[in-house]
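Below: one structure, written as structure tokens.
The values are calculated or read from the model by the stated rules, or taken from the named source; none is laboratory data. In this text, all values refer to a predicted model and were calculated from it rather than measured experimentally. Glycine also receives a Cβ, built like all others from the backbone with ideal geometry; neighbour counts cover every protein chain displayed.
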Amino acid sequence: MSDRVPFNAPTLAGKEFDYIRQALERRHLAGNGHFSKACHGLISDFTGGGRALLTHSCTAGLEMAALLCDLGPGDEVLMPSFTFASTANAVVLRGAVPVFVDIRPDTLNIDETLLEAAVTPRTRAVCVVHYAGVACDMEAISAFARRYGLLVIEDAAQALHATWKGRPLGGFGDFAALSFHETKNVIAGEGGALVVNNPRFALRAEIIWEKGTNRAQFYRGEISRYTWVDLGSSFLPSEVTAAFLLAQLEQSREITRARLQSWNRYHAALAPLEQAGRLRRPLVPAEAGHNGHIYYVLARSAPAREAMLARLGELGVSAVIHYVPLHSAPAGLRFARTPAPMPVTDDVAARLVRLPMHLALTEADVDRVVAALGDATR
Ligand SMILES: *Cc1c(COP(=O)(O)O)cnc(C)c1O
């Protein structure tokens, strides 16, 4: 067999090294300098105009959102279980309780029709995840949150440049957290951002971001010295990271277009296998403009998924599973609450396979993966 088709391959956008050299020449390598501010401007533009703050990860952005929600012991946050551990950890770190809600079988996003039944007097917020960059139904979720006086957090780790009814994701919640981890569409190695869309929280967000001090106000000349005023931590990435990220953000529309080309090629080529009942392709609602973050297929059954993975491996294709549901994970059993059965989450998590998706993927690579899937679903 020839070379393997890797699952992911971090790719340079072009100006990364040039911008890092410029950061050194500016003699400012700590956070919140020239390159961080340029990133803040672009992220704000891309997500609908909220206040953007770079963080060292999406995890950090979610932790900031949990602090801003003032979560405390016994408070509850509704979320899917089909997500990364950070979504739940951010809540647990405040002493609060993630409450898991099942997902929709089409988008694999939180099922908005099940939210109401999971509300208790302790519910403070709902944290939604736009899986694979496909939007949750943000009108239904916002209306639900308004009805119960809840805050909305978007875990938009996978959602840069994706939309719901033409409006950018990351712009709907009171808060949104983005990821620039090397596995995402736009990367900084490790990196992320918090977007604060509700202006009521903008000043406190800046204080939490700056280790609980009002240093940002001091730098703007609004106060004569800065001091410790609130909770906070070290959430800022350095200018080296921001310089790398700016090069990526400037090319992010082109990056998204290139990923969509690979996504669309998979989608067209796999239609016959779906028609033959050998796998299921992703379902994207007409209102959702996605960003080609993940191309996944659902095998017919859990054993068929294991056989598919083994055969793809033999054929040199690096395909991988995704989340082990949090509600049945050891820490999920210990820290979270699951008020109702989770049949869709359990079923989908056992049948999902992610195919190679990255900027170095060629049309020939996609065709080879599709041919391998034909073999692996026989
Ligand atoms: C990647 C991811 C995260 C974590 O992002 P980091 O930047 O690595 O902290 C959180 N939630 C979801 C849904 C993700 O896909």
request  = Out of the residues in the range 150-164 that are part of a loop (DSSP other than H, G, I, E, B) and more than 14 Å from the ligand (Cβ to nearest atom), state the one that is nearest to Pro237 (Cα to Cα).
outcome  = His161
key: Number of the exception - Ile294 against (1) within 30 Å of Phe46 (Cβ to Cβ); (2) in contact (Cβ under 8 Å) with a residue 60 or more places away in the chain; (3) surrounded by fewer than 16 Cβ atoms within 10 Å (Cβ to Cβ)   = (3)
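With respect to Gly72, determine if the residue is touching a Leu at 6+ places or on another chain (Cβ under 8 Å), part of a loop (DSSP other than H, G, I, E, B), surrounded by fewer than 20 Cβ atoms within 10 Å (Cβ to Cβ) and not charged (D, E, K, R). Show your work before the answer.
Values: touching a Leu at 6+ places or on another chain (Cβ under 8 Å): no; part of a loop (DSSP other than H, G, I, E, B): yes; surrounded by fewer than 20 Cβ atoms within 10 Å (Cβ to Cβ): yes; not charged (D, E, K, R): yes.
Taking the combined requirement at face value, the residue does not satisfy it.
Let's see how each residue does on (1) over 24 Å from the mean Cα position of the chain (by Cα); (2) more than 15 Å from Ser36 (Cβ to Cβ); (3) within 16 Å of the ligand (Cβ to nearest atom):
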position: Gly166; (1), (2), (3): no, yes, no
position: Ala176; (1), (2), (3): no, yes, yes
position: Ser179; (1), (2), (3): no, yes, yes
position: Ala193; (1), (2), (3): no, no, yes
remark   = Those residues of the range 338-369 that are out of contact with any Ser or Thr (no Cβ under 9 Å at 6 or more places or on another chain) and over 25 Å from Ala9 (Cβ atoms) come to a total of 6
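Only one of Val353, Val297, Val348 is at pLDDT 95 or above and in a helix (DSSP H, G or I); which? Spell out the reasoning first.
Numbers: Val353 fails: in a helix (DSSP H, G or I); Val297 fails: in a helix (DSSP H, G or I).
It is Val348.
Can you spot a residue in the range 288-309 that is within 27 Å of Trp164 (Cβ to Cβ) and among the acidic types (Asp, Glu)? Walk me through it before giving the result.
First, pick out the residues of the range 288-309 that are within 27 Å of Trp164 (Cβ to Cβ): 288-298.
Now narrow it down to the ones that are among the acidic types (Asp, Glu): none.
Within the range 288-309, none of the residues are within 27 Å of Trp164 (Cβ to Cβ) and among the acidic types (Asp, Glu).
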ask   = Does Ile110 satisfy the criteria of being of a type in the set (Val, Ile, Thr) and in contact with a helix residue (DSSP H, G or I) (Cβ under 6 Å, 6 or more places away or on another chain)?
value = no
task = Filter the range 37-69 down to the residues that are closer than 22 Å to Gly289 by Cβ and within 14 Å of the ligand (Cβ to nearest atom), then identify the one that is surrounded by the fewest Cβ atoms within 10 Å (Cβ to Cβ).
result = Ile43
ask   = Residues in the range 313-328 that are part of a loop (DSSP other than H, G, I, E, B) and within 18 Å of the chain's Cα centre (by Cα): how many?
value = 5
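Can you find a residue in the range 191-207 that is part of a helix (DSSP H, G or I), touching a Gly at 6+ places or on another chain (Cβ under 7 Å) and within 23 Å of Ala96 (Cβ to Cβ)?
Going through the range 191-207, the residues part of a helix (DSSP H, G or I) turn out to be 199-207.
With touching a Gly at 6+ places or on another chain (Cβ under 7 Å) added as a condition, the list becomes 207.
When the remaining residues are screened for being within 23 Å of Ala96 (Cβ to Cβ), the result is 207.
Taking every residue of the range 191-207 in turn, at least one turns out to be part of a helix (DSSP H, G or I), touching a Gly at 6+ places or on another chain (Cβ under 7 Å) and within 23 Å of Ala96 (Cβ to Cβ).
Condition test on Pro105, is it outside any helix (DSSP H, G or I) and touching a Phe, Trp or Tyr at 6+ places or on another chain (Cβ under 8 Å)? Even if it seems obvious, please write down each step before you answer.
Details: outside any helix (DSSP H, G or I): yes; touching a Phe, Trp or Tyr at 6+ places or on another chain (Cβ under 8 Å): no.
Here the answer is no, as Pro105 does not meet what is asked.
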query = Would the range 109-131 turn up any residue that is under 16 Å from the mean Cα position of the chain (by Cα), part of a helix (DSSP H, G or I) and at positive phi?
reply = no
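Give Glu306, Glu274 a once-over and let me know the one that is out of contact with any Asp or Glu (no Cβ under 7 Å at 6 or more places or on another chain), under 17 Å from Asp346 (Cβ atoms), not assigned by TED's automatic domain parsing to the domain that holds Thr163 and not in a loop (DSSP other than H, G, I, E, B). Give the derivation first.
On the way: Glu274 fails: under 17 Å from Asp346 (Cβ atoms).
Exactly one of Glu306, Glu274 is out of contact with any Asp or Glu (no Cβ under 7 Å at 6 or more places or on another chain), under 17 Å from Asp346 (Cβ atoms), not assigned by TED's automatic domain parsing to the domain that holds Thr163 and not in a loop (DSSP other than H, G, I, E, B), namely Glu306.
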inquiry  = Return the residues of the range 195-228 that are hydrophobic (A, V, I, L, M, F, W, C), surrounded by 15 or more Cβ atoms within 10 Å (Cβ to Cβ) and farther than 19 Å from Cys69 by Cβ; say none if nothing qualifies.
reply    = Ala216, Phe218
ask   = If we scan the range 329-343, do we find a residue that is free of Cβ contacts under 8 Å to residues at least 60 places away in the same chain and in contact with a helix residue (DSSP H, G or I) (Cβ under 7 Å, 6 or more places away or on another chain)?
value = no
query = Which residues, taken from the range 181-219, are of a type in the set (Asp, Glu) and over 20 Å from Ser233 (Cα atoms)?
reply = Glu182
Inter-residue pairs, beta-carbon under 6 Å, first farther than 14 Å from Gly192 by Cβ and in the range 30-56, second acidic (Asp, Glu) and at pLDDT 95 or above, 6+ apart = Gly33/Glu239; Phe35/Glu239
